[in-house]
1. Collect the residues in segment 57-81 that are within 20 Å of GLY128 (Cα to Cα), surrounded by 15 or more Cβ atoms within 10 Å (Cβ to Cβ) and not aliphatic (A, V, I, L, M), keeping them in residue-number order.
2. Please return the ranges of strands (runs of 3 or more DSSP E) entirely within segment 2-72 where 2 or more residues are of a type in the set (A, V, I, L, M) and modelled with pLDDT of 95 or more.
3. Can you find a residue in segment 124-141 that is among the aromatic types (Phe, Trp, Tyr), surrounded by 12 or more Cβ atoms within 10 Å (Cβ to Cβ) and outside any helix (DSSP H, G or I)?
4. Whether any residue in segment 84-106 is in a helix (DSSP H, G or I), within 18 Å of MET14 (Cβ to Cβ) and small (Gly, Ala, Ser) is what I want to check.
5. Regarding segment 22-38, can at least one residue be identified that is in contact with a Phe, Trp or Tyr (Cβ under 8 Å, 6 or more places away or on another chain), among the hydroxyl-bearing types (Ser, Thr, Tyr) and free of Cβ contacts under 8 Å to residues at least 60 places away in the same chain?
6. Output the residues belonging to segment 107-123 that are touching a residue at least 12 places away in the same chain (Cβ under 8 Å) and not in a helix (DSSP H, G or I).
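The values are calculated or read from the model by the stated rules, or taken from the named source; none is laboratory data. This structure is a prediction, so every number in the text was calculated from the model and none was measured. Counting neighbours? That spans all protein chains shown, and the Cβs are built from the backbone with ideal geometry, glycine included.
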Amino acid sequence: MVKFKMLGMHCEDMRFRLNVVKAEPQTKFEIKPEFNRQVKKIKEMPRRRIIELTVKMIGTETDPKPFDLAIRLVANFELEEEIWLAEDEREFITAATRATFPYLRSAITNLTAAAMISPLMLPPIDGGALFPENKPTESEAQ
């Protein structure tokens, strides 16, 4: 089991724009957040990792949204010891994503509430399972 601690987190980008969308009063919009993750290693500090989680909900002409939203959170982690195996690295990334995701979820709710619209509350989900690359390959599962 990979042990680590979160050293800190901050929001690097938080944008909201209300869109003028012509729609009937009871129109329901499909809000599909697009999540992305980047993992960065610091060469000079081999036990440090940075997890960057982003979410975007941007409307288009063919798929209008009542608002556009983009948030990027950056979390800094320190491993108890260096990781040498790919499976341990994947385990860390999944656990760190799981630890960071509730903050991203909260930021979405807070940003929409601050914009004075009905707050968007995503359902509680396992942030570690958001990204398909976290699942072990068939050869690793055996």
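1. ARG72, ASN76, PHE77
2. Working: elements: 4-18, 34-42, 45-57.
Here the list reads 4-18, 45-57.
3. So far as segment 124-141 goes, yes, one or more of its residues are among the aromatic types (Phe, Trp, Tyr), surrounded by 12 or more Cβ atoms within 10 Å (Cβ to Cβ) and outside any helix (DSSP H, G or I).
4. yes
5. So far as segment 22-38 goes, no, none of its residues is in contact with a Phe, Trp or Tyr (Cβ under 8 Å, 6 or more places away or on another chain), among the hydroxyl-bearing types (Ser, Thr, Tyr) and free of Cβ contacts under 8 Å to residues at least 60 places away in the same chain.
6. ALA115, ILE117, LEU120, MET121, LEU122
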